[in-house]
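Heads up: the structure comes next, in structure tokens.
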Amino acid sequence: MKTFIAVLFTVMSLPLFAATKDKPKSPPVPTAQIIDIAFLNQEQTPPTETLSNLDLFVANKGVEGAELAISDNNTTGQFTHQNFVLHKFNVPADGNVTDIFKQNISDKFHYVITNLNAANTLVVSDLAATSDTILFDTGTVDDALRNEQCRQNTLHLLPSRAMKADALAQYMMKKRWSKWFLVVGNTPEDALFATALKRSAKRFGMKIVTEKKWEHTFDARKSAQSDISVFTQSDDYDVLVVADEQGLFGEYLAYRTWLSRPIIGTQGLIATAWHSTHDLWGATQIQHRFQDLAKRNMEEPDYGAYLAVRAIGEAATRTKSADLKIIRDYLRSPQFTLQGYKGNALSFRTWDGQLRQSILLAAPRSLVAVAPIEGFLHPKTELDTLGFDQSESTCKLENKP
Amino acid sequence: MNKKLLIFALFAAINANAETVFVTLEKDNALAVMNPIDGTLLKTVPIGKRPRGIALSSDNKSLYVATSDDNTIKIFDAETLKQTGKLPSGEDPETFALSPTGDKMYVSNEDDSLVTVIDLAQKKISKQIKVGVEPEGICVSPDNQWLISASETTNMVHWIDVKTQMIVENTLVDARPRFVTFTPDSSQLWVTSEMAGSLMVLDAKTKQPIKTISFAIQGVPNDKIQPVGIAIDKERKRAYVALGTANRVAVVNAQTLEVEKYLLVGSRVWNVAFSTDEKRLYTANGLSNDVSIIDLESQTVTKSVGVGNYPWGLVVKP
């Protein structure tokens, strides 16, 4: 690494030298600012009962997004004399996050990116509360972590469940699919997404005409045809809305419902921060760069990690600083804007640390729409029509962290 | 009225206005050929995959088109539109600039963070210069001193000395710079930033901003204002700035740097070009698939001409 920096400065100082060659004094060699970033990731386990074996399971999604952003930051850094270094800490699926954090990260890093579940994210936020640390949560979509359990030291990169549900509801409202049949899976996460969907239904004046919990077998290869026909018999509705975050049964609803109705939610038309079909606003470029690096398509956790590292890079470049306090203040200031390949400038909500952003509505092989859907207005920014707005939030962070 | 005079006047009018507009159509893999006087589409010619950047040689004889998905810049005879050659542009060429002396072409290679320098006589790459992430806007100052490359994700303009082909200075600009151009006297560099919705005017001597112009249009949310193409007239009286999804062209007083007016054009207006006499402005409207024609004396949009899918760039051949 030292050689790299040395070479870099030789290259950088040449033109400077050329420009000032009539003066006898040679220009001072700039010293690099080093910005160390910790990436704390816990490996995922594949869902045990999943039926769809089509997708290759990747245990460490996210880390390659961070690597790509480090490379982007350092391309910029060669001109600003800043060098960004990623330190990866990988916790096995059955490992102890607290131990790894205490041993390797606590009090050693100012900038910590986490790709953990909600419970562990909260644990790490609280462990870091007394140290000079800013946490970038790229693993959770939980609304509780952005409301009653919010923490002063934590920023959230991925859209919350409420933001995703609002994105779907806006689209359904535009299509006048106002009568919903809600199907909810059995996991606690499914219940949370169902809660978010119900909030959105109320917010946008939609009606849930039927709600059912999926209680059938997961082995659709044997029974989907008969089970789903019977299961979906109900009063008339416009759209089947499904909450099945792990994909245990949702894929088998399409084409098998009693009435011919579109599927939306966690399967069918989905709401996501990133999708492989997205090619607007320069997204093609980052899709290519990520595919070159990871040999697979970019997904939501990769995008979250990419944005976290880029947010640090953008703040360091603009403030010409590596100082935690300066960067932390800048990230939460109105001056901070992040380019996220989604048309609008991204920024952090001051009241809950959530990154405001557009949400993609995608079918498996096509991008259908981008929320906020045109026509949903907001006095400040249309991006705040998605999720908990300032007046609704139960989190009240101080504006100056 | 004297019949002879009438005929003469008619002839003069036709002569003065005789020009052709070429428009690259990104999604049609084609070039639209337009008569801008009567506002008709003359023909559409297949040209290669995903054509974007377009330029005419200074003698107006050769037409250069970046066919991005063919990874090359093709050369066409500007009269017959037959391909006469191609250039080794590096991967995924989008935008490029010709040197005022006509001997070199500079290409942005977005995926590789490079500017490729091509020797036009030899049709060979003579150098590749490392720049920031996703270089896009590129131009050469009319006095042939500076080559400018703007990187979209790094948010910088790089000042490259044309003689040494090395970066001399970098200026941090607003978020997502897209298009760069010099004033005709080479004293100022104008930069549009799509995401910040701003236009920055930099002093070519100090390389620092003189002014940052922001745009505000009643009834249009600020994040829809995404400036891209710029055209500055020869006398630097006025400049015209395409505002992307705001569907408008801003008229800027190029002396006072104040916005004078907004003209409603087609959807997602992208790049703009003057007519040869600078009495009209043509705009490529990406989402409404047409070209708007603006009469600059009256500052009114007189016509829109359907040209094909995703018009990207345009050039005017006298």
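What follows draws every value from the coordinates through simple rules; no lab data is involved. Quantities reported herein were computed from a predicted structural model and do not represent experimental measurements. Cβ placement follows ideal geometry from the backbone for every residue including glycine, while neighbour counts extend to all protein chains displayed.
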Just check region B:218-318 against the gyration tensor rule for me: Cα atoms, a ≥ b ≥ c as the square roots of the eigenvalues, rounded for a/c under 1.5, and otherwise prolate or oblate depending on whether a/b exceeds b/c.
oblate
When the expected Rg is taken as 2.2 N^0.38 Å, what fraction or multiple of it is the alpha-carbon Rg of region B:81-126?
1.13
For every helix of n ≥ 4 consecutive DSSP H residues, a contribution of -39,500 (n - 2.57) applies; sum these over the protein assembly as shown, divide by its total residues, and give [θ] at 222 nm rounded to the nearest 500 deg cm²/dmol.
-6500 deg cm²/dmol
Based on Cα coordinates alone, diagonalise the gyration tensor for region A:351-399, multiply each eigenvalue by 5, take square roots, and list the semi-axes in whole Å, largest first.
26, 13, 8
Evaluate E = 1/(1 + (r/R0)^6) for A:GLU374 and A:THR45, where r is the Cβ-Cβ distance and R0 equals 41 Å; express this FRET efficiency to the nearest 0.05.
0.50
So how compact is region A:213-323: Cα radius of gyration and Dmax in angstrom?
20.3, 63
Mean per-residue count of partner chain Cβ within 10 Å for A:182-189 equals 0
Cα extents of region B:153-264 per principal axis, largest first, Å, are 47, 33, 18
One checks the Cα atoms of chain B and finds Rg and Dmax, in Å, of 18.9, 65
Apply 1/(1 + (r/R0)^6) to the Cβ-Cβ distance of B:LYS207 and A:GLN103, taking R0 = 56 Å, and write down the FRET efficiency to the nearest 0.05.
0.75
For region A:231-292, what does the equivalent ellipsoid look like in terms of its semi-axes, each the square root of 5 times an eigenvalue of the Cα gyration tensor, given largest first in whole Å?
32, 12, 9
How far apart, in nm, are two points set 7 Å out from the Cα along the Cα-to-Cβ line at A:LYS213 and at B:LYS303?
6.9 nm
Spelling out what I want: for every residue of region A:85-97, take phi, set θ = phi - 60°, compute 6.51 cos²θ - 1.76 cosθ + 1.60 (Karplus), and round to whole Hz; glycine and proline get x.
10, 9, 10, 9, 10, 10, 9, x, 4, 9, x, 9, 5
Violations at 23 Å Cα threshold for listed pairs B:LYS27/B:LYS123; B:LYS207/B:LYS261; B:LYS43/B:LYS303 -> B:LYS27/B:LYS123; B:LYS207/B:LYS261
Cα gyration tensor category, rounded, prolate or oblate, for region B:47-182 with a/c compared to 1.5:
prolate
Take every residue in peptide A:77-86, count the Cβ atoms of other chains within 10 Å of its Cβ, and give the average of those counts.
3
Residue by residue, what Karplus-based ³J(HN,Hα) values in Hz, rounded to whole numbers, does region A:62-72 have, using 6.51, -1.76 and 1.60 with θ = phi - 60° and x for Gly and Pro?
x, 5, 6, x, 5, 5, 4, 5, 4, 5, 4
For chain A, Kirkwood radius (reciprocal of mean inverse C-alpha pair distance, Å)
22.7 Å
Could you list which residues have their amide H under 5 Å from that of B:THR84, counting only those 5 or more apart in sequence or on another chain, with H placed in the peptide plane?
B:ILE75, B:PHE76, B:ASP77
Isolated Cys in the protein assembly as shown by the 4.7 Å beta carbon test?
B:CYS139
Tell me which residues come under 5 Å, amide H to amide H, from A:GLN42 once H is placed; ignore anything under 5 positions away on its chain.
A:VAL91, A:ASN115
Gaussian network model of chain A, Cα springs within a sub-10 Å range: biggest mean-square fluctuation belongs to which of A:SER347, A:SER260, A:SER391?
A:SER391
Using the structure shown, select from B:LYS74/B:LYS127; A:LYS61/A:LYS342; A:LYS61/A:LYS325; B:LYS130/B:LYS224; A:LYS175/A:LYS342 the pairs with a Cα to Cα distance greater than 25 angstrom.
A:LYS61/A:LYS325; B:LYS130/B:LYS224
Between helix A:188-203 and chain A: long-axis angle, C-alpha atoms, 0 to 90°, nearest 10
80 degrees
If I histogram all Cα-Cα distances within the protein assembly as shown using bins 10 Å wide from 0, what percent of pairs lands in each bin?
3, 13, 22, 23, 19, 12, 5, 1, 0, 0
